[in-house]
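Quick one: this structure, given as structure tokens, is what I'll be asking you about.
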Amino acid sequence: MNTIEETYDAIVVGAGHAGCEAALALARMGQETIIFTVSMDSVAMMPCNPNVGGSSKGHLVREIDALGGEMGKNIDKTYIQSKMLNRSKGPAVHSLRAQADKAEYTRNMRMTMENTEHLTLRQAEVAELLFEDNECDQHESSINADSKNHSDIDEKNVNIFHGKNKLKIKGVRTKSGAAYYAKCVVLCTGVYLNARCIYGDVVNHTGPNGLSAATFLSDSMRSAGIPLRRFKTGTPARIDKRSIDFSKMEEQKGDETIVPFSFTNTEEDIKREQVSCWLTYTNEETHNIIRKNIDRSPLFSGAIEGTGPRYCPSIEDKVMKFADKNRHQVFVEPEGEFTNEMYIGGMSSSLPEDVQYAMYRSVPGLENARIVRNAYAIEYDCISALLLKPSLEFKEVEGLFSAGQMNGSSGYEEAAAQGLVAGINAARKLQGKEPVVLDRSQGYIGVLIDDLVTKETKEPYRMMTSRAEYRLLLRQDNADLRLTDIGHEIGLIDEGRYEHFCKKRELIHKEVSRLSETMVGASKEVQTFLEENESTTLKTAASLADLIKRPELNYEMIAPLDKERESLYDNSLYKENLSKEVIEQIDIELKYDGYIKRQRSQVEHFKKLEKKRIPADIDYNDVHNLRKEARQKLNDIRPENIGQASRISGVSPADISVLMIYLNC
């Protein structure tokens with residue numbers, strides 16, 4: 001039978017948030033790319049929470065934008081409410097969060113992709129991976145295929161994958177038999193691999209929102225010796241807005257001052273009328289309904305095998321594991337401007353339909369709730385990211401990359417960040433260049449990927465600010481200052497944007513330097529100003545920078561004491577670039593100067609360990625005095641440097657000392 005055969009530079013499998021970023025990066029870097037999706041309706045779809053950003057996740061989105069990704073631009077076009085979280089705390093944990101119009105978010109991203117040169121969208125199910133020799137030992141597939149417990153990957157399965165003759169990707173074959181050839185393939189399958197959606201006794205073998213699951217690719221991966229495991233996630237019910245009594249809930253409005261996600265936008269570019277969200281709470285009646293029916297929950301009956309996310313538990317989990325809590329927050333959020341569907345955040349569930357009705361109707365404001373879509377849990381196949389290099393390329397399959405929930409993470413933002421990095425590095429490989437690997441001191445993206453490829457994740461991984469050691473340096477407000485140079489170097493930041501960025505950076509440095517050198521004495525004018533602003537008067541001369549460091553003062557407030565400032569506006573650099581964002585950076589740089597210097601010193605020590613490379617062909621069995629566990633973990637994960645080795649669970653500081661002596665570090 002005749003079949004279609006086509007050749008591209010790169011192939012992306014899956015068009016969720018990871019796939020979109022990967023495909024756009026590849027195409028924008030000049031690679032002829034085709035992206036496959038089981039349904040064109042699933043392009044950048046938000047099957048769960050209708051928002052982008054949030055604590056730590058907002059950092060990821062701004063870093064994606066600083067590198068030249070699309071997520072920040074897309075949410076700026078389609079948000080219906082915007083909030084900066086944690087404003088009462090320090091700038092390190094400020095995180096932007098925006099409620100999205102889900103339909104518009106998908107439509108705009110799809111439009112962007114359809115109008116990107118070098119990018120082809122194709123609705124088809126990828127069923128098989130093709131390799132150069134097309135010969136893989138088949139016995140490995142039985143290891144996983146016969147396993148009853150997919151929730152925990154067996155370490156020996158990972159070991160079997162290591163040490164085989166390295167495979168080389170050649171392309172993919174679709175369910176129809178069509179072959180598509182490419183030197184690089186990026187897997188971004190999300191939650192679609194062997195997916196099944198479950199609530200109560202109802203099991204639907206589909207992906208989210210009733211879309212088709214991908215049912216063949218898992219077997220092809222196992223046949224290649226790639227072990228899979230089983231994870232799960234869930235989503236709450238959607239309820240008809242007309243059946244909700246909002247008078248019993250607390251209104252949650254958006255911020256009056258809008259901060260864009262994309263550094264290419266200003267508040268004026270994107271400001272629009274916002275919609276409200278609402279807050280209510282579960283109660284003892286809700287919890288009693290859940291306890292009484294817990295035996296009917298597939299989570300507790302054993303019908304669901306996959307491991308769920310620790311930091312986004314179902315309402316059943318919350319009630320059973322936190323029995324001391326007499327209520328839990330419930331956020332009622334619109335899915336868009338032109339729909340009456342409301343997302344019931346905080347109450348994801350897989351309980352039976354009748355229990356869901358009783359449970360939701362026990363919540364204040366939802367007494368007459370009409371469910372539009374039932375809550376459900378979804379199970380899916382994914383890999384252990386320990387199989388990947390920091391570039392997100394498989395260690396044992398040349399040209400095959402993986403990103404997103406396929407790697408055992410959760411969340412749109414985590415997926416998009418990995419997709420962007422995988423797409424960049426697939427393009428770099430095609431260009432014959434070294435991969436781009438962000439380390440833990442450069443960005444949350446670096447922390448995310450390093451955690452995934454270095455540490456064992458037994459459950460879906462979620463990014464949190466507490467995971468970042470250098471979070472005072474990795475703020476969401478300075479993502480462009482940290483990463484735009486890299487985005488420009490790889491070709492995703494154009495010259496116009498880069499020139500504007502360079503002027504911004506130059507202005508920040510000039511002003512910080514000028515303020516540090518400009519002194520004011522203890523004159524009557526100065527003392528009066530300080531007294532009026534409830535600030536301690538001066539005993540000796542101080543710099544303007546010293547005054548800004550005081551908690552009660554800032555750059556704009558000290559303008560009356562800054563005699564040079566007005567004349568600076570004759571300089572085009574100041575006149576055109578002294579924006580709110582620049583002023584914010586000046587204030588933060590000066591107010592947190594001591595802490596920032598201390599953290600930069602810590603980073604210098606960290607960098608020394610990251611620069612100590614470990615030979616790729618090292619045999620850890622030859623390193624005497626290593627503990628057995630350390631030797632096993634090092635052989636499995638194959639760290640690229642001493643820094644990465646030191647972060648592997650089971651490798652002690654003593655083991656690192658032994659290894660450094662062996663390598664003459």
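Would you check if there is a residue in segment 213-228 being part of a strand (DSSP E or B), under 25 Å from the mean Cα position of the chain (by Cα) and touching a residue at least 60 places away in the same chain (Cβ under 8 Å)? Break it down stepwise before answering.
Here is the first cut: in segment 213-228, the ones part of a strand (DSSP E or B) are 214.
If we keep only those that are under 25 Å from the mean Cα position of the chain (by Cα) too, we end up with 214.
From what's left, touching a residue at least 60 places away in the same chain (Cβ under 8 Å): 214.
For segment 213-228, residues part of a strand (DSSP E or B), under 25 Å from the mean Cα position of the chain (by Cα) and touching a residue at least 60 places away in the same chain (Cβ under 8 Å): present.
Do the conditions hold for Thr282, that is, is it among the polar types (S, T, N, Q) and within 18 Å of Arg361 (Cβ to Cβ)?
Values: among the polar types (S, T, N, Q): yes; within 18 Å of Arg361 (Cβ to Cβ): yes.
Yes.
Still on this structure, please answer the following. Within segment 610-628, take every residue that is part of a loop (DSSP other than H, G, I, E, B) and surrounded by 14 or more Cβ atoms within 10 Å (Cβ to Cβ) and give me the one that is farthest from the chain's Cα centre (by Cα).
At the first step, the residues of segment 610-628 found to be part of a loop (DSSP other than H, G, I, E, B) are 612, 614-619, 623-627.
Filter once more, keeping what is surrounded by 14 or more Cβ atoms within 10 Å (Cβ to Cβ): 612, 614, 618, 623, 626-627.
Values: Lys612: 28, Ile614: 28, Ile618: 33, Val623: 37, Leu626: 35, Arg627: 35 Å.
Going through the qualifying residues, I end up with Val623.
Between a residue in segment 23-42 that is of a type in the set (Asp, Glu) and any residue that is at pLDDT below 95 and outside any helix (DSSP H, G or I), which pairs come within a Cβ distance under 7 Å, given they are 6 or more apart or on different chains?
Going by the 7 Å Cβ cut-off, the qualifying pairs are Asp41/Leu211.
Oh, and also: Just wondering, is there one or more residues in segment 634-657 that are among the charged types (D, E, K, R), more than 24 Å from Lys455 (Cα to Cα) and out of contact with any Leu (no Cβ under 6 Å at 6 or more places or on another chain)?
Of the residues in segment 634-657, the ones among the charged types (D, E, K, R) are 636, 638, 640, 647, 655.
Those still in the list that are more than 24 Å from Lys455 (Cα to Cα) too: none.
No, there is no match, as no residue in segment 634-657 is among the charged types (D, E, K, R), more than 24 Å from Lys455 (Cα to Cα) and out of contact with any Leu (no Cβ under 6 Å at 6 or more places or on another chain).
Now a separate question. Within segment 603-625, does at least one residue satisfy the condition of being within 30 Å of Leu388 (Cα to Cα) and of a type in the set (Ser, Thr, Tyr)? Please lay out each step first, then the result.
Step one: of segment 603-625, the residues within 30 Å of Leu388 (Cα to Cα) are 603-625.
Subsequent filtering for residues that are of a type in the set (Ser, Thr, Tyr) retains 620.
Looking through segment 603-625, at least one residue is within 30 Å of Leu388 (Cα to Cα) and of a type in the set (Ser, Thr, Tyr).
Here's something else I'd like to know. Applying the selection to segment 460-478, what residues are part of a helix (DSSP H, G or I) and either of a type in the set (Phe, Trp, Tyr) or within 14 Å of Arg310 (Cβ to Cβ) (or both)? Working first, answer last.
Step one: list which residues in segment 460-478 are part of a helix (DSSP H, G or I), which gives 465-467, 476-478.
Hits for segment 460-478 are Ser466, Arg467.
State which residue is nearest to Ser409 (Cα to Cα) when the search covers only segment 292-318 and only residues that are crowded, with 19+ Cβ neighbours inside 10 Å and of a type in the set (Val, Ile, Thr).
Only one residue fits best here, namely Thr307.
Scan segment 527-551 and report the pairs whose first residue is of a type in the set (Ser, Thr, Tyr) and whose second residue is assigned to a loop (DSSP other than H, G, I, E, B), with Cβ atoms within less than 8 Å and a gap of 6+ or a chain change.
Ser535/Arg550; Ser535/Glu552; Ser535/Leu553; Thr536/Arg550; Thr537/Ala522; Thr540/Ala522; Ser543/Thr518
List every residue pair whose Cβ atoms sit under 8 Å apart, with the two residues 6 or more apart in sequence or on different chains, where the first one lies in segment 616-628 and is closer than 16 Å to Gly650 by Cβ and the second, anywhere, is in a loop (DSSP other than H, G, I, E, B).
Final answer for the pair search is Tyr620/Leu626; Arg627/Ser652.
Looking at (1) closer than 29 Å to Leu544 by Cβ; (2) outside the structural domain of Ser516 (by TED's automatic domain parsing); (3) touching a residue at least 60 places away in the same chain (Cβ under 8 Å); (4) of a type outside the set (D, E, K, R), which is the only condition Ser601 fails?
Condition (3) is where Ser601 drops out.
Same structure, new question: Which residue out of Asp295, Asp324, Asp317 is part of a helix (DSSP H, G or I), more than 28 Å from the chain's Cα centre (by Cα) and at pLDDT below 95?
On the way: Asp324 fails: part of a helix (DSSP H, G or I); Asp317 fails: more than 28 Å from the chain's Cα centre (by Cα).
Selected residue: Asp295, the only one of Asp295, Asp324, Asp317 that is part of a helix (DSSP H, G or I), more than 28 Å from the chain's Cα centre (by Cα) and at pLDDT below 95.
Residues that are in contact with a helix residue (DSSP H, G or I) (Cβ under 9 Å, 6 or more places away or on another chain) and under 30 Å from Leu438 (Cα atoms): does segment 558-572 have at least one?
no
Now a separate question. Examine segment 274-291 for a residue that is crowded, with 20+ Cβ neighbours inside 10 Å, of a type in the set (S, T, N, Q) and in a helix (DSSP H, G or I), and state whether such a residue exists.
yes
It is to be established whether one or more residues within segment 276-296 are farther than 23 Å from Val332 by Cβ and in contact with a strand residue (DSSP E or B) (Cβ under 6 Å, 6 or more places away or on another chain).
No, that holds for no residue.
Further question: Output yes when any residue across segment 359-374 is part of a helix (DSSP H, G or I) and under 30 Å from Lys633 (Cβ atoms), and no when none is. First the steps, then the outcome.
Going residue by residue through segment 359-374, those that are part of a helix (DSSP H, G or I) are 359-361.
Checking the rest, the ones that are also under 30 Å from Lys633 (Cβ atoms) come to none.
The answer is no; no qualifying residue exists.
Is it fair to say Ile239 is at pLDDT 95 or above, closer than 29 Å to Asp76 by Cβ and assigned to a strand (DSSP E or B)? So that I can check it myself, show each step before the final result.
Details: at pLDDT 95 or above: yes; closer than 29 Å to Asp76 by Cβ: yes; assigned to a strand (DSSP E or B): yes.
In short, yes.
So, Asn368, is that one at pLDDT 95 or above, out of contact with any Ser or Thr (no Cβ under 8 Å at 6 or more places or on another chain) and not charged (D, E, K, R) or not?
So Asn368 fails the test.
Next up: Could you identify the single residue in Val191, Val186 that is modelled with pLDDT of 95 or more, farther than 15 Å from Pro47 by Cα and not in a helix (DSSP H, G or I)? Write out each step before concluding.
On the way: Val191 fails: farther than 15 Å from Pro47 by Cα.
None of the other options fit; the residue is Val186.
For segment 441-459, what are the residues that are in a loop (DSSP other than H, G, I, E, B) and surrounded by fewer than 24 Cβ atoms within 10 Å (Cβ to Cβ)?
So the first thing to find is which residues in segment 441-459 are in a loop (DSSP other than H, G, I, E, B), and the list is 441-443, 455-459.
Listed by number, the residues that qualify are Ser441, Gln442, Lys455, Glu456, Thr457, Lys458, Glu459.
Which of the residues belonging to segment 536-556 are of a type outside the set (D, E, K, R), out of contact with any strand residue (DSSP E or B) (no Cβ under 8 Å at 6 or more places or on another chain) and buried (at least 16 other Cβ atoms within 10 Å of the Cβ)?
Quick first cut of segment 536-556, residues of a type outside the set (D, E, K, R) only: 536-538, 540-545, 547-548, 551, 553-555.
Those left that are additionally out of contact with any strand residue (DSSP E or B) (no Cβ under 8 Å at 6 or more places or on another chain): 536-537, 540, 545, 548, 551, 553-555.
Selection gives Ala545, Ile548, Leu553, Asn554, Tyr555.
Then there's this: Is it the case that segment 439-455 has a residue that's hydrophobic (A, V, I, L, M, F, W, C), more than 15 Å from the chain's Cα centre (by Cα) and over 30 Å from Glu576 (Cβ atoms)? So that I can check it myself, show each step before the final result.
Going through segment 439-455, the residues hydrophobic (A, V, I, L, M, F, W, C) turn out to be 445, 447-449, 452-453.
From what is left, the residues that are more than 15 Å from the chain's Cα centre (by Cα) are none.
Looking for residues that are hydrophobic (A, V, I, L, M, F, W, C), more than 15 Å from the chain's Cα centre (by Cα) and over 30 Å from Glu576 (Cβ atoms), one finds none in segment 439-455, hence no.
Restricting to segment 79-134, what's the tally of residues that are among the polar types (S, T, N, Q), in contact with a Leu (Cβ under 7 Å, 6 or more places away or on another chain) and more than 30 Å from Glu341 (Cα to Cα)?
Counting residues in segment 79-134 that are among the polar types (S, T, N, Q), in contact with a Leu (Cβ under 7 Å, 6 or more places away or on another chain) and more than 30 Å from Glu341 (Cα to Cα) gives 1.
Would you confirm whether any residue within segment 8-15 is crowded, with 24+ Cβ neighbours inside 10 Å, acidic (Asp, Glu), more than 22 Å from Phe216 (Cβ to Cβ) and modelled with pLDDT of 95 or more? Show your work before the answer.
Taking segment 8-15 and keeping what is crowded, with 24+ Cβ neighbours inside 10 Å, we get 10-15.
Then drop every residue that is not acidic (Asp, Glu), which leaves none.
No.
Can you tell me which residue among Ser247, Ser223 is polar (S, T, N, Q), surrounded by fewer than 23 Cβ atoms within 10 Å (Cβ to Cβ) and under 30 Å from Ser362 (Cβ atoms)? Steps first, answer last, please.
On the way: Ser223 fails: under 30 Å from Ser362 (Cβ atoms).
When all the criteria are applied, what remains is Ser247.
Here is a check on your reading of the model: is Tyr181 in contact with a Phe, Trp or Tyr (Cβ under 6 Å, 6 or more places away or on another chain), in the same structural domain as Glu393 (by TED's automatic domain parsing) and of a type in the set (Phe, Trp, Tyr)? First the steps, then the outcome.
Working: in contact with a Phe, Trp or Tyr (Cβ under 6 Å, 6 or more places away or on another chain): no; in the same structural domain as Glu393 (by TED's automatic domain parsing): yes; of a type in the set (Phe, Trp, Tyr): yes.
Here the answer is no, as Tyr181 does not meet what is asked.
Restricting the search to segment 1-26, which residues are more than 22 Å from Ser212 (Cβ to Cβ) and among the polar types (S, T, N, Q)?
The answer is Asn2, Thr7.
The values are calculated or read from the model by the stated rules, or taken from the named source; none is laboratory data. Fair warning: this is a prediction, and the values are worked out from it, not measured in the lab. With ideal geometry, Cβ positions are generated from the backbone for all residues, glycine too; neighbour counts draw on all protein chains shown.
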